[in-house]
Amino acid sequence: MILGIETSCDETSVALLDEDGRVRVNLIASQIERHQPFGGVVPEIASREHLQHLFPLVTRALGDANLGWNDVDRIAVTAGPGLIGALLVGVAGAQGLAYGLGIPLVPVNHLEGHIFSPYLQRDGASIPLPERFLSLVISGGHSSIYDVRNGVITMLNRTRDDAIGETFDKVAKFIGLPYPGGPQIEKHANGGRIDRKRFHFALPQFNEKSADFSYSGIKAGAIRLAREHGINANGDAQLLADFCATFQEALIDQLFDRLEVIWSSLDAPKPAEVAVAGGVAANTAVRERLSAWAAKRGVIVRLPEKRYCTDNAAMIAFAGLKKGEERDPRRVAVRSRIA
Ligand code: KG4
Ligand code: ZN
């Protein structure tokens, strides 16, 4: 049995997985309401909330799974990247528990947690990892496409500025929608019409050939358009909906433009599976586009359960299970940034 702990940002999460990658419990204490008045995550508040919730959550997870301390064989914990204070609470807590129980600690890279999350299932054992898959990680902090071969992860592109989730959040904040903005934009986009003439967004171009993302142009453009058209959370609802639909589509268009560039540059045989992960993978328009994209190319698509898209400890325990290195709990360090 592996105990997972995730505290890198604004969710405290604890999970228990068995050796087959079967999720026995996955508890998440979300702090969204505590950060909402500030329109974004306040690191100091996040650390304090983790401190308050972590141990009660561990106790509850064991209780819910009908397990005792002696049933835990090792602990996996997010060691970075993330907010340094928030990470420290999780890692120090995990170190104490592992040391006290005399079991190994497995440090996990948060991104690897996201990358493998599409292979977790709601019930039953996890889906076997294929020899090779293409992974799109789209979250509040990251936008990258990776080539994953036998568990070895190669980054194929990255964002030069804002992450896609961050762009959703910043534009949502500007028009007065609550944090986090991604689900809010999606909700309003559902009643809207895509109108590329009224709300024009261009794909970013670089001087050299590159498949990198860049979302700062769409962000600046969206803020300018919102100002020009007087778009506001409390204003004309149809105008807001049309704007959200078109803005969301522009973010997704860029995602698929880059995916296509990368896909055509890969030598045959190409990966047989494509997976998407991270908070933005919860977006229905993203999921539908990726399914259609994959179907057209005869590629298997892996969409994580929505509960495993945003930050959660099940994916951390799973990554620990799949490629974690067991350490002496005293030898695990926190890193807020990982190259
Ligand atoms: O993976 P995650 O929980 O945290 C990071 O590691 O960043 O991702 C959070 C991000 C936020 O930017 C949030 O707005 C976005 O994921 N998000 C969404 C949706 N649900 C969450 N974006 C678009 N549509 C959604 N349904
Ligand atoms: Zn994340």
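The values are calculated or read from the model by the stated rules, or taken from the named source; none is laboratory data. Everything numeric in this text was worked out from a predicted model, so none of it was measured. Please note: Cβ atoms are built from the backbone with ideal geometry, for glycine as well, and neighbour counts cover all protein chains shown. Surface areas here come from the heavy atoms of the whole protein model, side chains and all, with no ligands, DNA or RNA. Shrake-Rupley method; radii C 1.70, N 1.55, O 1.52, S 1.80 Å.
Place a +1 charge on the Cβ of each Lys and Arg in the chain and a -1 charge on the Cβ of each Asp and Glu, then give the dipole magnitude about the Cα centre in debye, rounded to the nearest 20.
With Lys and Arg at +1 and Asp and Glu at -1, about 460 debye.
If I build a Gaussian network model for the chain, linking alpha-carbon pairs within less than 10 angstrom, which residue out of 115, 252, 316 has the largest mean-square fluctuation?
Among 115, 252, 316, the largest mean-square fluctuation in the Gaussian network model of the chain belongs to 252.
So what is the relative contact order for region 228-339, in percent, with contacts set as C-alpha pairs under 8 Å and at least six apart?
RCO, region 228-339: 20 percent.
State the answer as a single residue: which of 300, 333, 320 lies farthest towards the positive end of the charge dipole of region 273-333, with beta carbon charges of +1 for Lys and Arg and -1 for Asp and Glu, about the Cα centre.
Towards the positive end, the residue furthest out is 300.
Could you estimate the translational diffusion coefficient of region 176-235 from the Stokes-Einstein equation, with Rh from the Kirkwood formula over C-alpha pairs, at 20 °C and 1.002 mPa s, in whole µm²/s? Kindly include the intermediate steps, with their values, before the conclusion.
Working: Rh = 13.5 Å.
Calculated translational D: 158 µm²/s.
Can you tell me, using C-alpha contacts under 8 Å and at least 6 residues apart, the relative contact order of region 61-163 as a whole percent?
17
Starting from the exponent 0.38 and prefactor 2.2 Å, build the expected Rg for region 1-135 from its residue count and divide its actual Cα Rg by it.
1.06
According to the square roots a ≥ b ≥ c of the eigenvalues of the Cα gyration tensor, what is the shape class of region 149-199, taking rounded for a/c under 1.5, prolate for a/b larger than b/c otherwise, and oblate for the remainder?
prolate
On the protein heavy atoms, probe 1.4 angstrom, tell me the percent of accessible surface of region 182-339 carried by carbon and sulfur. Don't jump to the answer; show the numbers that get you there.
Details: 3770 of 7850 Å².
In region 182-339, the share of accessible area belonging to carbon and sulfur is 48 percent.
Would you kindly derive the ³J(HN,Hα) couplings of region 77-86 from the backbone phi angles with the Karplus curve 6.51 cos²θ - 1.76 cosθ + 1.60 (θ = phi - 60°), listing them in order in whole Hz, with x for Gly and Pro?
9, 5, 9, x, x, x, 6, 4, x, 5
Which whole-number percent gives the relative contact order of the chain, counting Cα pairs below 8 Å spaced six or more residues apart?
Once divided by the residue count of the chain, the mean separation gives 26 percent.
Write down the radius of gyration of region 245-312 and its Dmax, each obtained from C-alpha positions, in Å.
Final numbers for Rg and Dmax: 12.5, 36 Å.
Could you order 32, 164 by accessible surface area, starting with the largest, using a probe radius of 1.4 Å? Could the numbers behind the result be given before it?
Details: 32 45, 164 0 Å².
Largest accessible area first, the list is 32, 164.
Filter the cross-link list 187/306; 270/323; 173/219; 270/322 down to pairs whose alpha-carbon distance in this structure exceeds 20 Å.
270/323; 270/322
Stokes-Einstein diffusion coefficient for region 55-146 at 25 °C in a medium of 0.890 mPa s, Rh from the Kirkwood formula over Cα pairs: what value in µm²/s?
160
Can you tell me which of 133-140, 14-21 comes out highest on packing, and rank the rest after it, using the mean Cβ neighbours within 10 Å?
Values: 133-140: 25.9, 14-21: 21.1.
Answer by packing, highest mean first, reads 133-140, 14-21.
Relative to the compact-globule scaling 2.2 N^0.38 Å, provide the ratio for the alpha-carbon radius of gyration of the chain.
For the chain, the normalised Cα radius of gyration comes out at 1.00.
Say the dipole of region 17-82 comes from +1 at the beta carbon of Lys and Arg and -1 at that of Asp and Glu; which of 70, 59, 47 then lies farthest toward its positive end?
About the Cα centre, the residue reaching furthest to the positive side is 47.
Just how many % of Cα pairs in region 186-339 lie over 21 Å apart, if you round to the nearest whole percent?
Details: 7101 of 11781 pairs.
Distances greater than 21 Å cover 60 percent of the Cα pairs.
Residues of region 248-272 with amide nitrogen under 19 Å from the 7 Å Cα-to-Cβ point of residue 284?
248-253
With the dipole of region 64-190 worked out from charges on the C-beta (+1 for Lys and Arg, -1 for Asp and Glu) around the Cα centre, which of 97, 171, 86 lies farthest toward the positive end?
Farthest along the dipole direction, towards plus: 171.
As a test, work out the antiparallel percent of DSSP beta bridges whose residues both lie in the chain, rounded to the nearest 5.
Of all bridge pairs located within the chain, approximately 60 percent are antiparallel.
What does the accessible area of residue 44 come to, in Å² to the nearest 10, when a probe of 1.4 Å is used?
Using a 1.4 Å probe on the heavy atoms, I get roughly 100 Å².
With a ≥ b ≥ c taken as the square roots of the eigenvalues of the C-alpha gyration tensor of region 68-120, please select rounded if a/c is under 1.5 and otherwise prolate if a/b is larger than b/c or oblate if it is not?
In terms of gyration-tensor shape, oblate.
With the other protein chains left in place, how much accessible area per residue, in square angstrom, belongs to the chain at a 1.4 angstrom probe? Walk me through the numbers on the way to the answer.
On the way: 14900 Å² over 339 residues.
For the chain, the solvent-accessible area averages 44 Å² per residue.
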